[in-house]
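First up is the structure itself, then whatever we jot down about it.
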Amino acid sequence: MYVTLYGGTSPDLGIRQVGILRRALEANTTLDPTQDRVRVTILGRPHARPLFLDAFFEVVPLDERHPDALERSRRGEAVFPEGDEVIRRYESPRLGAEVVLNNVLSARAGFERDPAAFERILVEILRQRRDDRSPDA
């Protein structure tokens with residue numbers, strides 16, 4: 001997990017991306033942008049969404065190839081895509097609020113190699129529960 005400040009939004013990032021200054025990412029975290037996917041929450045707020053509705057986001061190491069986002073992450077702040085689709089609009093953090101990038105579930109379940117794995121696992125669990133409730137069972 002990585003706790004950092006919220007630096008704002010940028011058009012440099014895609015809808016399923018969260019940007020962090022490359023140097024801060026390397027110095028302060030064990031996140032691997034080539035593999036890890038993260039859930040994003042605002043520190044101190046309850047996580048209101050059920051796990052199965054959460055999305056996993058790619059971590060983008062920010063450098064000169066992302067000039068607008070880089071400007072918003074000078075000290076390692078998290079930068080979200082424009083439209084703030086990372087966290088629902090009603091939960092949008094204020095600039096400087098602490099946000100948590102959490103890759104625990106992703107790493108433990110192998111989602112870093114296959115982000116769609118969580119969805120397949122969830123569908124199978126729901127299918128089994130439905131079959132268990134079936135009158136024919």
**OP:** Just give me the residues in the stretch 91-116 being modelled with pLDDT of 65 or more and not in a loop (DSSP other than H, G, I, E, B), in sequence order.
**Re:** Glu91, Glu98, Val99, Val100, Leu101, Asn102, Val104
Original post:
Which of the residues that make up the stretch 75-90 are assigned to a loop (DSSP other than H, G, I, E, B) and either within 21 Å of Ala27 (Cβ to Cβ) or at pLDDT 90 or above (or both)?
Top reply: Arg75, Gly76, Glu77
**OP:** Name the single residue, out of those in the stretch 1-28 being at pLDDT below 90 and under 21 Å from Arg75 (Cα atoms), that is surrounded by the fewest Cβ atoms within 10 Å (Cβ to Cβ).
**Re:** Met1
Original post:
Is there any pair linking a residue in the stretch 17-29 that is in contact (Cβ under 8 Å) with a residue 24 or more places away in the chain to one that is in a strand (DSSP E or B) and among the hydroxyl-bearing types (Ser, Thr, Tyr), with Cβ under 6 Å and at least six apart or on different chains, and which?
Top reply: Thr29/Tyr2
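The values are calculated or read from the model by the stated rules, or taken from the named source; none is laboratory data. What you see is a predicted model; the values in this text were computed from it and never measured. All Cβ positions, even for glycine, are placed from backbone atoms using ideal geometry, and neighbour counts span all protein chains on display.
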